[in-house]
Each structure stands twice: as structure tokens, then as C-alpha cells.
1. Tell me, what HN-Hα J-couplings in whole Hz come from the Karplus equation 6.51 cos²θ - 1.76 cosθ + 1.60 at θ = phi - 60° for each residue of the stretch 145-155, using x for Gly and Pro?
2. The stretch 148-164 to the stretch 50-81: how many Å between their Cα centroids?
3. Which whole-Hz couplings ³J(HN,Hα) result when phi for each residue of the stretch 70-85 is put into the Karplus expression 6.51 cos²θ - 1.76 cosθ + 1.60, θ = phi - 60°, listed in order with x for Gly and Pro?
4. Which of G107, G74, G18 ends up with the largest GNM mean-square fluctuation for the chain, with Cα atoms connected below 10 Å?
5. Using just the C-alpha positions of the chain as equal point scatterers, what log10 of I(q)/I(0) does the Debye formula give at each q in 0.14, 0.17 1/Å?
6. So which of K45/K84; K10/K45; K10/K144 end up more than 21 Å apart, counting from Cα to Cα?
7. What fraction of the DSSP beta bridges in the stretch 13-169 is antiparallel, stated in percent and rounded to the nearest 5?
8. List, in order, the whole-Hz ³J(HN,Hα) value for each residue of the stretch 37-44 obtained from phi through the Karplus relation with A = 6.51, B = -1.76, C = 1.60 and θ = phi - 60°; use x for Gly and Pro.
Amino acid sequence: MSKAKPGKSKISSARWAGIRLFAMDVDGVLTDGTVEIHSDGTESKRFSILDGMGLVRLRLAGVAVAWISGRASGATTARATELKIPHVIQGRTDKLMALQELASQLGLAASQVCYMGDDDIDAPAIDWSGIGVAPATSMPAALKVALLVPQRPAGLGAVREVCEHILAHRGQ
């Protein structure tokens, strides 16, 4: 049974206002989870402009943004560069360890971190974070520990919805 219902947040305003880092998985969070592999070996992914704008607004508001992906991808690197995402960690399947290392480097406690993921390997990071989020299409392990399930789908504004929560409670 999930801790959260889609779109319903029982998370206090003070808790949202305390977020200093919004970290997330890429595939299945910033995308719909589909990776297109072309015959020449290149790949492509679809990223939402809505999500991108939310992440830019967070960065400009002084909230650190990080992407932690279990697989390395040129498409991920290109999109992160375009959005000026300062922390991009690829090829790390131990998401919790990667997230804790980053939080430590930034001098942040778990309560100051929001993490969004969709799969079994994300569940420990979702659970450790002050605010854990999982898109509605996530695997059961991620949904079980999430405090929030956005109404919008992964890759189509789910990340933006979380950005808006953070910004609204910071008074921005």
C-alpha cells in the first residue's frame, strides 16, 4: 500500500520550504521511461519542456538540482547541459549512496532533500529523503515509500509539479 495518493500531499508547508536539493532519476521520471535505440546505435529520449522550465526556475531560486541515473546517456548529458543542471551523476545504480554523497558535499541533511524516482533502485533514496516522490507509473517499491505521487505523468510535467510545490512554499 502506498503512503501517498496521486496528487494529494500531506506534506507540511515548512517541510517543503526546507528543501534545498531536488534530485531525481532520469528515465521514468524526466521521461516516460522509453529509450529509443536507433540502428546506428544512437539513442533518443523525449523530455518535457514543462519539466525543464520548472527545473530552471528552481535553480534560479537557489535550489540545487541533481540528476542521478543508473545508466549513462548522451541524450541525458545533452539535456542537462542545456538546462545547466549542476549535478549530473550517471552510471550509478546505488542511488541512495550517490544521493547521500551529494547531500554531504552540499552540507545538507536528509530533511533538506527531495528525491523523485520510479524503480526499485530508487526506493531507498525516496525513503531516505525528507520528501520522497514517485510518479504514478512507478514500480510498487517506489510507490510504497513515496510521500507524494504527482497527478501529471512522468515525462509530461510530473517533475514540474514537484518544482511548483517547492517554489510555492518558498514564497516564489
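Rule-based calculations on the coordinates, nothing more; no lab input. Keep in mind that what you see is a predicted model, and the values were worked out from it rather than measured. Please note: Cβ atoms are built from the backbone with ideal geometry, for glycine as well, and neighbour counts cover all protein chains shown.
1. 9, 6, 8, 9, 10, x, 6, 6, x, 4, x
2. Computed from Cα coordinates, the inter-centre distance equals 14 Å.
3. Values per residue, Gly and Pro as x: x, 10, 7, 8, x, 5, 5, 4, 4, 5, 5, 5, 4, 8, 6, 6 Hz.
4. Top of the fluctuation ranking is G107.
5. After summing over all Cα pairs, the log10 values are -0.63, -0.96.
6. K10/K45
7. Percent antiparallel among DSSP bridges in the stretch 13-169 is about 10.
8. Working through the residues one at a time gives 9, 8, 4, 8, x, 6, 10, 9 Hz.
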